[in-house]
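Below: the structure, in structure tokens.
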Amino acid sequence: MSQPIKILLVAAIVCVAACGGYERPAGPSLCDRIAVLQVRKNATDEQKEALKAAIGKLDFEPRYAQEPDGTVVFHILGKRDKEGKLVPVKPEVVASFNRLPGVERALPAGAPADCRLTCDKAPSPEIDRLREELDPENKDVRLDPKERQEKVRKLAELEAEARDTVSRCPTGFLCSNNQCVQDYNPRQVCNEQGDVASSDGQCHTQGTAAKVVYWILDFPATKWVFLILALVMPLASILTWMERRQSAMMQDRLGPNRANIGPIKLKGILHFVADAVKMIFKEDFIPANVHRGLFALAPILAIAPVFIAFCIIPFGPTVYPHSFWQPLDTGALAADPDAWAFSDAIRMQMFQIDFGLIFYFAILTLANYGGTIAGWASYNKWALLGGLRSSSQMMSYEVAMGLSLMGAFLVAGTLEPGEMVLAGATSSMSGSNPLNWLWLWQPVGLVLFCTAAIAETKRAPFDIPEGEPEIIGYFVEYSGLRWGLFFLAEFVEIVFISAVMVSVFFGGWQVPFLDADGFRIGGYVDEMTRVSTGGYVFPLPHGLVIGLQFAAFGAKVVLLCWFQLMIRWTLPRFRADQLMNLGWKLLLPLTLANIMVTALIKLLFMGT
């Protein structure tokens, strides 16, 4: 089921990216927005003053002008509303001016043949040249971030000078080619119309369907469902087969090979489908003396926090649908992130918050309550002993696991996984440089976190809460689908732990030397814009870059899941006392030492 949903979501992105929107010319002329009052040539000065007073009482913004042929006109720009926006004069109000003394005729807005207001000075041609160079759709001009910022500053100065030297244009209009055109902030005007502005002043309008599609794709629940159904659940399910197959290979056994659909066996992959069917239809037996409420709640508490914690995982880069088919202009993105080419961005992370990793610990700790409550509610001393072991193991390793990430926090300067993936350990190197990933800067923290995280999953060699050789386990009284939730939660947690290690220590979705605009060898990172520039660049379409980065994240997670399975079938299980000694007497002191050494190195060599 996950594959069709994945295909539909990708198809929706591609479809909307290809559709775009239609363009509305920017900078409408004055004649398109104003009402015109032509005054009789024989009108007296008193009549003209009376006209001014009548217009002023309505809070309109008039402009009095005398054309070269001697015609006297009032150009009425409109009326300001409460938000300061100009509202054109209503036609019926304009028609009422025909009754005023001295008025030849009153014309509503949109009568360009009767609007003859001109201006004395046009802006320098330099303005048009700079606008063309700064256009992100102009692929003939490639500017580095510093050059782009300098040209943006120069353009603003020239436009300000043009406004200051223009004569005979009303407030809010600019002289261009001897005609008064609206001097406006394209983004502000387009936003007022519900559109998005590009750097060339064009308003790009989307249909209702496109807006709804973009809203749905960027909705956190949509991204969560996509991540769970496209990666987490398929991988967690296939891990049940991988564990059996891998253990069989290591122990020289056949492994799963019996489940089939007719002649189709697929090397035993269908076993996890058979397991799911068996657990769904197996009898849900509940012992007589259990606490029914807590007994039913425990499996949910075991699996729900793991699914919730996935909301902090950055599983891909930010997607810019309007730039899907061409290389991403990272310089333009840094200079003007609100431009049309970068609008409707979809960030591949559900929950972005500064304390992201703390949120992970806060939520995932709740999963341990599932095992503890299951043991207590089962009314079985063996189950209760398994629940107590689960609690003691959680307290032993939760502290070490949290402190093991403090070194990464000191190096990266943030607890937000998305920022760790994007920036890496230092701002002097690109986030796609493998030497900038934290595995190199925090090798001790990586080993400590991996050890504590495996203990958190309660798998061998840290599986004393289950204690299969001792017939002890907090879910000993569970059967059917309830037991299946505990079983599935264990493998989902393997995927989650792998995703956290990938995001913090292995660059997340980053592909070595693949920046947002393509593969880059050499170059440097601009300190102001944090954009990679220079070097040899092999540009790639934005859509292809996204696909490679999605694939990189999935491949890294799969490799770390495989590594955890290797640990499961390689090391013997600990005794309870050995496990406690490892947590309190070895991991905890090492994490504290790693924090102090990292802080000292940060202070002496990396600055504060």
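The values are calculated or read from the model by the stated rules, or taken from the named source; none is laboratory data. Please read all numbers here as calculations on a predicted model, not as lab measurements. Positions of Cβ are backbone-derived with ideal geometry, glycine not excepted, and every protein chain shown enters the neighbour counts. Heavy atoms of the whole protein, side chains included, go into the accessibility calculation; ligands, DNA and RNA do not. Shrake-Rupley method; radii C 1.70, N 1.55, O 1.52, S 1.80 Å.
With a 1.4 Å probe rolled over the protein heavy atoms of all chains, the accessible area of 295, 506, 605 falls in the order 605, 506, 295, largest first.
Ligands, DNA and RNA aside, residue 441 has an accessible area near 80 Å² when probed at 1.4 Å. In a reduced charge model with +1 at each Lys and Arg Cβ and -1 at each Asp and Glu Cβ, the range 472-598 shows a dipole moment near 400 debye about its Cα centre.
Note on residue 307: accessible area is roughly 40 Å² with a 1.4 Å probe, heavy atoms of protein only. Of 369, 379, 478, the order by accessible heavy-atom surface (1.4 Å probe, DNA, RNA and ligands excluded), from most exposed downward, is 379, 369, 478. Solvent-accessible surface of protein heavy atoms, probed at 1.4 angstrom with all chains present, puts 536, 360 in the order 536, 360, largest first.
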